[in-house]
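The structure appears right after this line, and notes come after that.
The values are calculated or read from the model by the stated rules, or taken from the named source; none is laboratory data. From a predicted model like this one, the values you see are computed outputs, not experimental measurements. Accessible surface areas use protein heavy atoms only, side chains included; no ligands, DNA or RNA. Shrake-Rupley method; radii C 1.70, N 1.55, O 1.52, S 1.80 Å.
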Amino acid sequence: MSTSMVSIRVETIVQIKKASANAAAEPHRTRKAVSKPKRLQRVILLLIVIMGLVLTMNMIVNRKIESEVGGLRNKIEERFEKLNSKIEMLENKLGELGAMEFVRKEDFNKRFDDLMI
C-alpha cells in the first residue's frame, strides 16, 4: 500500500469519528412532532367518538326509563280498570236500593205491632 492510500484511509477514519462525535452532540429525537392539521384531525376524531358514546348512553338510559315507565303505566291502568268496575257495581247497587220502596218508621212500627199481636 502506498502512503497516500494510508493517509486517505486515516483521513476518512478521522472524518467518520468527527461525524459520529457531532451526531452524538446533537439531541436525538425519538418521536416526530405531529403537525397541527393532524393533531386537529385527531382531536376531531376523538370528539366524534366521545359524542357517539354519549348518544349511545343516552339511548340506553332512555330505553330503560321507557320500560320502567311503561310497566308502571300498565299497573296504573289495571288498577284504574278495577276501580271503574267497582264504581259501576256500587252505582248499580245504589240504583237497586233507590228503586226499593221504603216504609216510614211509623208504618213499620204499626205493622210490626200488628204482627206481634
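Provide Rg over Rh for the range 29-117; use the alpha carbon set for both Rg and the Kirkwood Rh (inverse mean inverse pair distance).
Values: Rg = 38.2 Å, Rh = 21.4 Å.
Result for the range 29-117 is an Rg/Rh of 1.78.
For the range 75-117, just the Cα atoms, rotate onto the principal axes and tell me the three extents in Å, largest first.
The Cα atoms of the range 75-117 stretch 60, 16, 11 Å along their principal axes.
Excluding ligands and nucleic acids, what accessible area in Å² is computed for residue 77 using a 1.4 Å probe, to the nearest 10?
Rounded to the nearest 10, the figure is 90 Å².
I'd like the accessible area for residue 54, computed on protein heavy atoms only with a 1.4 Å probe and all protein chains in place. Round to 10 Å², please.
Solvent-accessible area, nearest 10 Å²: 80 Å².
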